[in-house]
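The values are calculated or read from the model by the stated rules, or taken from the named source; none is laboratory data. It should be emphasised that the depicted structure is a prediction, and the values quoted were computed from it without experimental measurement. In this analysis, Cβ positions are derived from the backbone assuming ideal geometry, glycine residues included, and neighbour counts consider all displayed protein chains. Quick note on the areas: whole protein, heavy atoms, side chains included, nothing else; ligands and nucleic acids left out. Shrake-Rupley method; radii C 1.70, N 1.55, O 1.52, S 1.80 Å.
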Amino acid sequence: MQPRRIVGALLDNVSRVIVGKEEAIEYALIALLCRGHVLIEDVPGVGKTTLASALAKSLDCSFRRIQFTPDLMPSDVTGFTLVNFQTGAMEYREGAVMSQVVLADEINRTSPKTQSALLEVMEEHQVTVDGVTHPLPQPFIVLATQNPGEFVGTYPLPEAQMDRFFLKIAIGYPTVEQEMDVLERYSAKVKPMEQLQPVCSAADVIAMQDMVAEVYCSPEVRSYVATIAAATRRDPALQLGASTRAAIALIRGAQACALLDGRDFILPEDVQHMVRPVLCHRLVLNPEARMKGVTPEMVIGNIMKNTAVPVKL
């Protein structure tokens with residue numbers, strides 16, 4: 001198996017629907033290889049749901065979409081048990097999360113109570129209902145979309161939920177040329193999404209996930225990642241720095257970058273490529289920094305500038 005060939009096929013397939021956003025698609029594919037979950041945050045109408053749906057259709061995996069609304073209940077997500085009156089036994093009825101690819105659309109438009117139903121699902125790939133644990137099918141990935149927090153009708157995601165997303169990406173508006181391409185494709189009789197076919201099987205995804213874990217990470221690179229994580233916890237602009245889970249995710253993302261570049265070892269450049277999408281959404285600014293217009297990206301940029309890059313690997 002050649003991971004670069006398979007990921008290239010996935011990238012080309014999704015790019016038939018999402019024009020000019022190769023970096024966002026690449027990050028989503030890296031999260032898939034790392035057994036992580038993706039949060040896509042941007043303004044309405046730029047293709048958040050389309051990106052998630054196109055990736056799902058490119059995989060030969062089961063797929064379910066959950067529309068997060070204010071009246072959505074946790075049991076709608078995780079499932080519930082009921083009595084079989086013929087046998088008298090308690091039976092589990094699957095929730096919408098029992099699928100290999102789950103699109104959590106507009107995740108921040110439901111209550112924190114329902115949002116928390118995904119905590120165990122995303123971290124442990126299992127659902128516990130009435131004391132009984134049900135494993136999720138593999139591979140498993142949550143692709144969540146949300147509008148920025150200042151939009152009407154949104155609930156902020158708690159820090160514990162944000163920390164369970166492997167990375168966060170934005171789509172952004174297209175250029176004039178890209179938008180002309182989009183208009184041409186979507187003005188045709190057959191829409192691009194209707195033409196997508198799976199180009200990767202579940203077995204291929206699992207095999208590539210196993211290959212990511214085999215990429216070598218030197219002590220020097222581990223020290224580099226640990227130093228970056230520690231710096232976020234000391235930064236005066238931050239109320240909450242990167243967790244140990246975040247540091248693990250950063251190394252895993254760097255492993256995936258190395259694998260896609262045809263290497264079996266990590267370079268510092270792999271860490272630098274993944275540091276912003278993996279860490280920024282996990283950082284919480286203090287009120288004073290927010291008032292001054294400081295952003296997590298600015299904090300990470302300053303930390304990276306002041307952190308020595310390992311030379312010996």
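Tabulated data
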{"read-out": "Contact order relative to length of the stretch 86-164, as percent, for alpha carbon pairs under 8 angstrom and 6 or more apart", "value": "42"}
{"read-out": "Average accessible surface area per residue within the stretch 1-112, 1.4 Å rolling probe, Å²", "value": "41"}
{"read-out": "Max mean-square fluctuation residue, GNM over the chain, Cα-Cα springs under 10 Å, options Leu157, Leu82, Leu279", "value": "Leu82"}
{"read-out": "Computed [θ] at 222 nm, helices only, for the chain once each DSSP H run of length n ≥ 4 contributes -39500 (n - 2.57)", "value": "-13500 deg cm²/dmol"}
{"read-out": "For the stretch 161-313: rounded, prolate or oblate by the Cα gyration tensor [a/c cutoff 1.5]", "value": "oblate"}
{"read-out": "GNM top mover of Ser201, Ser62, Ser99 - the chain, alpha-carbon springs below 10 Å", "value": "Ser201"}
{"read-out": "Percent RCO, i.e. relative contact order, over the chain, from Cα pairs under 8 Å lying at least 6 residues apart", "value": "21"}
{"read-out": "Net charge contributed by nearby residues that have their C-beta within less than 11 Å of Val101 (K/R +1, D/E -1)", "value": "+2"}
{"read-out": "Over 26 Å between alpha carbons, listed pairs Lys21/Lys292; Lys168/Lys292; Lys113/Lys292; Lys57/Lys113", "value": "Lys21/Lys292; Lys113/Lys292; Lys57/Lys113"}
{"read-out": "Simple spin-label estimate for Thr128 and Arg245 in nanometres, 7 Å along Cα-Cβ", "value": "1.5"}
{"read-out": "Extension reserve of the Phe63-Arg222 stretch, reckoned as 0.36 nm per residue once the Cα distance is removed", "value": "53.7 nm"}
{"read-out": "Local electrostatic count, Val205, Cβ distance below 12 Å [Lys/Arg +1, Asp/Glu -1]", "value": "-2"}
{"read-out": "DSSP-loop chymotrypsin sites (Phe, Trp or Tyr not before Pro) across the stretch 63-100, with at most 12 other Cβ within 10 angstrom", "value": "Phe85"}
{"read-out": "Carbon + sulfur, % of accessible area of the chain - ligands and nucleic acids excluded, 1.4 Å", "value": "55"}
{"read-out": "Percent of beta bridges antiparallel (DSSP, the chain, rounded to nearest 5)", "value": "35"}
